[in-house]
Amino acid sequence: MADRATEPPPDRTDFHEVEDGEELFVEPPEVQSQPASLAAEDISTNSNGPKQDLFDDDPEDLFAEATEEVSLDSPERDILLSDGPSPAITPITPPTSVITPRIGHAHDDMFTHSSFDEIEEDEGGDSLDIHISVSDPEKVGDGMNAYMAYKVTTKTSLSLFKCNDFSVKRRFSDFLGLYSKLASKYLHIGYIVPPAPEKSIVGMTKVKVGKEDQTSNEFVEKRRSALERYLMRTVKHPILVKDPDVLQFLESSELPRAVNTQALSSAGLLRMVNKAADAVNKMTIKMNESDAWFEEKQQHFENLDSQLRKLHTSVESLVCHRKELSVNTAQFAKSAAMLGNSEDHTALSRALSQLAEVEEKIDQLHQDQANADFYLFSELLGDYVRLLTAVKGVFDHRMKTWQKWQDSQVLLQKKREAEAKLQFTNKPDKLQQAKDEIKELEGKVQQGERDFEQISKTIRKEVSRFEKERVKDFKTIIIKYLESLVQTQHQLIKYWEAFLPEAKAIS
Amino acid sequence: MTGEVKEKMSVLTVHGHNIKVTEVLNDGDALTFIIISQKLSGTGEYHVHRTYEDFEWLQQHLFSQEDVPGIQGVIFPPLPAKSHVNMSAKVIKQLGFLGIGEWQLYCKALETFLHQVAGHSILSKNKAVEVFLTNTDPPGRQRAKKNILNRLSQAVEELRKEGHKDVDEFFQSERHHNHVMTCCARTAAEKFLDVVLTEQKMAVACGHFSTALHLCVEPGEDPDKKAFSRVCVKLSEVFDSMKKNMTDVAQNNMITLGLCLDLESRYQEAEKEMLFRRTCKLVELETATRNAERAKPVKKAFMEELKTATETEFEHINGVAKKEIAYFGGVRVEMLQQSLVQWCEKQLLTAKESADQFNKHLQAFSGMV
């Protein structure tokens, strides 16, 4: 592989030298038949994604695609991915992973299997034994340069990792950086990469200037929870969890600062996806959808998106009312206490004071329940609305892939026509050049077709996995929520049972 | 007035404690209340139809008993404010607890009013009470003449007398205590109303969420779709239960503690009015005394007589007031205790039912494959 890396392909006008040191060996996807050489490489950083799939029998110069690809990308993508492997080098075909030595024996399994399916079965499908928690938010530094550091703890029995139980400290931009790397590697080949949490200028500024109040604490907690969910979703993905960037994020004590995180937030991604979608539409792609499945699924996701947004609004309203109820209960408790204080009749006075205390406790229950409403439901629905943008994104990438393939075909046709004309002229050099170009384009067309089929295949699997995860996710959350509801009622029963004798004892 | 009017009758022929205001008839213009009282003789019931104006008629008659000595010392059971068929937001706000929901609470408040009137040693003797409760025909619509008992007639300058220093320590302290209690009770009632209104809003929000979930149900044979649809349906059932729970909690609050706090606050106001009347009489007495002292010999005897009459009135009022204050003190403690116990019992029951229901949902979800 080292050979490939040092041999810059000709005419790579858009060839970007990778900036950060760690990104040196961006995926030249290796041919399946040489696992041994890969394993021996001392490459300390990321692989480029899942191992190569069925189409690994054509060893070809994958750098060839690079320039074509760049021209189709929207400009945002370049900004977005400047931190990660450059688009110019990112091939469309599913590359093999560049295995890092520390993965050890696990990847023997990966190499003996030649298909995605088998890998999944081998790992037990979606029940990967790994749990991540994000905790202990700690303010580091002062003033506007301050930031929150979070402790990321991983507990796992997967052999992917060096230990079973370990922690690192990360800041918010690190999470965004991780997302950007994963997005640049996997989104365009059809993997649904979970989006990172939103950036929030207002929230963070308050925290930075040291405003220690209710709202800034709530903000930090909201963010902590979102980061945890983000990581869990990422590692639950059987392919993403093996990505070296993910492993590095979870394990390594020092992480180079992610730059340019402005565009890396979900909002930035959303903008990018929307712009890409617009670009796609502007190209007036009349895709001959040979597979009704895709059309149907796209419609299904449109519907789901609108339904989830409605639900989200509904839950927000519920959370709002419950918070209002808590405020009102607290105020009533105060007024009951005052009434009790002014009361002459001793037993009645005591009962009224007890009443005030009960109401204060109930207020606390309301607050806890409001948190459950929010953190369980509202955030779940919000997460899924954001996930759906990623889903839409992969569908759009599929369209773009198709378009590229079509463009190659059109170009090939033109070249053939030109060649035919050249036959009748006496320009052997030009003729040869034309023949060479045609050969190249034929390869491209075949690659384009393969890419399209691959991304379609990947999307099908991803969608199936997504749908199953969705059901599981909702069920898990709902069970947690019901437990909180039952718990609240039991508390109330305790409070009322304690109050009843006090009420009866008056007079 | 015709029918069975017993002109000289001053004793109530029905039980006071179990009068029921059972129904409201709404003919679009006015509300008519059906009042049922049990005959003392045990031989049956009286069913009468009364409008709010009839209640006012009764109240006016009670106010205008000038022949009863010390009548101004009575703490008159408070009549709820007038309700209308279609109420403006302002009126609803004024009514507080009595303005929310259906007429259930309003009827209960009217019922309580009648209990208190019929159970009052002085007031129950007024034949207007008998007429009101037993006469098939509506009582007369003539407005009784306005008198000092009608708060509306008290001119603004008289309110300055409210702070007038008392000659009696008992009453001075009582006036202060009552002032504090009136404020506290009113605030507590208002805050509790806010709680109940928010609970009702939450019930509505739960209902909306439940409905929105039904929109997520998609037809189709796809197993994932079916699984998700099942989840949505079951979840909407959970929110239906939440809605029921909230509704019940609000209802319990309203009909026990809410109603009680409302009554307590209005009753404290009624005592305040009584104390004010007494204070006015005190001022009158002090004026009469001064006048008698300063009167020229020609008028002196007359002034002295006036002073003596006023003094006697004042004494009567004091006597009645003291009894009323003691009586009222006992009644309100009993009332508060009853409603606190009822409130607690109802909320306890609701919490147990809800815990049960949520647990069933939890089991169903956990068991769902």
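The values are calculated or read from the model by the stated rules, or taken from the named source; none is laboratory data. In this text the structure is predicted, and so the values were computed from the model without any measurement. FYI the Cβ positions are ideal-geometry reconstructions off the backbone, even for glycines, and counts take in every protein chain you see. Quick note on the areas: whole protein, heavy atoms, side chains included, nothing else; ligands and nucleic acids left out. Shrake-Rupley method; radii C 1.70, N 1.55, O 1.52, S 1.80 Å.
Quick notes on this structure:
- Computed lengthening from B:Phe302 to B:Val68, 0.36 nm per intervening residue step minus Cα-Cα distance: 81.9 nm
- With all protein chains in place and ligands, DNA and RNA left out, the 1.4 Å accessible area ranks B:Lys243, B:Lys360 as B:Lys360, B:Lys243, largest first.
- For segment A:321-337, heavy-atom accessible area (probe 1.4 Å) falls by no less than 30 Å² from the chain alone to the full protein assembly at A:His321, A:Arg322, A:Glu324, A:Leu325, A:Asn328, A:Gln331, A:Phe332, A:Ser335.
- Measuring r between the beta carbons of A:Asn341 and A:Glu483 and using R0 = 22 Å, the FRET efficiency lands at 0.05.
- The distance linking segment A:214-235 with segment B:279-334 is 73 Å (Cα centroid to Cα centroid, whole angstrom).
- Here the relative contact order of chain B, from alpha carbon pairs under 8 Å that lie six or more residues apart, stands at 21 percent.
- A simple charge model with +1 on the Cβ of Lys and Arg, -1 on the Cβ of Asp and Glu and nothing else charged puts the dipole of segment B:9-132 at about 300 debye relative to its Cα centre.
- Taking all protein chains into account, the per residue accessible area for chain B stands at 48 Å² (1.4 Å probe).
- Interface area, A with B, accessible, probe 1.4 Å, both sides summed, Å² nearest 100: 5300 Å²
- By the rule of a C-alpha distance below 16 Å, with chain neighbours fewer than 8 residues away ignored, the lysines paired with B:Lys82 are B:Lys90, B:Lys93, B:Lys108.
- Exposure check, 1.4 Å probe, all protein chains in place: B:Leu12 carries approximately 20 Å² of accessible surface.
- Among the listed pairs A:Lys361/A:Lys475; A:Lys392/A:Lys480; A:Lys468/B:Lys243; A:Lys310/A:Lys475; A:Lys222/B:Lys243; B:Lys20/B:Lys244, those beyond 25 Å (Cα-Cα): A:Lys361/A:Lys475; A:Lys392/A:Lys480; A:Lys468/B:Lys243; A:Lys222/B:Lys243; B:Lys20/B:Lys244
- B:Val180 paired with A:Glu198, simple spin-label distance in nm, labels 7 Å along Cα-to-beta-carbon: 5.0 nm
- As a calculated quantity, the FRET efficiency between B:Thr32 and A:Arg257 at R0 = 51 Å, using C-beta atoms, amounts to about 0.05.
- Sulfur and carbon atoms: percent of accessible area, segment B:11-87 [1.4 Å]: 49 percent
- Förster radius 41 Å - calculated FRET efficiency between A:Lys494 and A:Ser317, Cβ distance, rounded to 0.05: 0.85
- Net charge, A:Ile459 excluded, C-beta distance under 9 Å - Lys, Arg +1, Asp, Glu -1: +4
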